[in-house]
Amino acid sequence: MNGKQAAGIQAVQEISDGMVVGLGTGTTVYYFLEALAEKVKLGLKLTGVATSQQTVELARKWGIPMKPLNSVQSIDLTIDGADEVSPDLDGIKGGGGALLYEKLVAVASKKRIWIVDARKTVKQLGAFPLPVEVIPFSWKQINRKLENRGLHPVLRTQKDGSPFLTDARHYILDLHLNTIENPSALANELDHLPGLVEHGLFLGMTDSVIIGYPDGHIERLER
Ligand code: DER
């Protein structure tokens, strides 16, 4: 077992019959979905709301019932991964390219839990490049603005060198910042940049974090 698997399996304990559950995206969530599917096979009733096509395909393969976000009134609990988690449970997300739909599902959720392995916990955010999702139509203008602000943007590309496309068909610029002194000030600045659709600073957007370790033991942080 690895830390991601331990965290993913542990998170299934949070799901009870009849819940509407936000299904995050990424390799840790993969283990959560795999374990959740076993409970569905044993009769657990739930409605999943996926945060990416990648998650839709996994949930469909494993028989987890789903509805689109627009078809549910609210979400009881969202389980998602994260790329970095700070001591005050702020985080950087978007490493998997799903940050826009993840944030929309997160803000529609009564409760949110992140599942991570121990490597994701940091003293200060920023070592992981901060993803920002931008509209292709004006990405070069936005890239220049971010460069002029000293935020070191790099266009995320696929193996063939073409721009990575999100499920919403946007581009992603990864900001290589090393450290982020004031996450809320940076989030506020990015929120007001025309053409920048969303960023990977998830501040105050989780209630708990389940940390998994390779020996299978679990730590849990509460807001
Ligand atoms: O894109 C995201 O925010 C995903 O949740 C992802 O980056 C989580 O990371 P993982 O694949 O290591 O679980």
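None of the figures in this text is laboratory data; all of them are computed from the coordinates on show. As the structure is a prediction and not an experimental result, all values here were calculated from the model. When we count neighbours, we look across all protein chains shown, and the Cβ atoms used for this are built from the backbone with ideal geometry, even at glycine.
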*asked:* Regarding the range 23-33, can at least one residue be identified that is within 23 Å of residue 94 (Cα to Cα) and surrounded by fewer than 21 Cβ atoms within 10 Å (Cβ to Cβ)?
replied: yes
*Of the conditions (1) free of Cβ contacts under 8 Å to residues at least 60 places away in the same chain; (2) assigned to a helix (DSSP H, G or I), residue 48 clears all except one; give me its number.*
(2)
*When residue 133 is evaluated against the numbered criteria (1) within 16 Å of the ligand (Cβ to nearest atom); (2) free of Cβ contacts under 8 Å to residues at least 24 places away in the same chain, which criterion, by number, is the only one it fails?*
(2)
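Pick from 186, 193, 175: which is under 16 Å from residue 146 (Cβ atoms) and over 20 Å from the mean Cα position of the chain (by Cα)?
From the options 186, 193, 175, the qualifying one is 193.
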*If we keep just the residues of the range 34-45 that are touching a residue at least 24 places away in the same chain (Cβ under 8 Å) and under 23 Å from residue 71 (Cα atoms), which is surrounded by the most Cβ atoms within 10 Å (Cβ to Cβ)?*
36
*Based on what the data block shows, is residue 144 more than 30 Å from residue 88 (Cα to Cα), under 22 Å from the mean Cα position of the chain (by Cα) and of a type in the set (Lys, Arg)?*
no
*Could you give me the residue pairs with C-beta distances under 9 Å whose first residue belongs to the range 103-126 and is on the phi < 0 side of the Ramachandran plot, whose second residue is part of a helix (DSSP H, G or I) and hydroxyl-bearing (Ser, Thr, Tyr) wherever it lies, and which are 6+ apart or on separate chains?*
114/28; 115/28; 115/31; 116/28; 117/28; 120/28
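Just name the residue that is nearest to the chain's Cα centre (by Cα) out of those in the range 10-30 that are without any contact (Cβ under 8 Å) to a residue 40 or more places away in the chain and in a helix (DSSP H, G or I). Let's see the steps before the verdict.
To start, the set of residues in the range 10-30 that are without any contact (Cβ under 8 Å) to a residue 40 or more places away in the chain comprises 12-13, 16-18, 30.
Remaining after also requiring in a helix (DSSP H, G or I): 12-13, 30.
Working: 12: 17, 13: 20, 30: 12 Å.
Looking at the filtered set, the residue picked out is 30.
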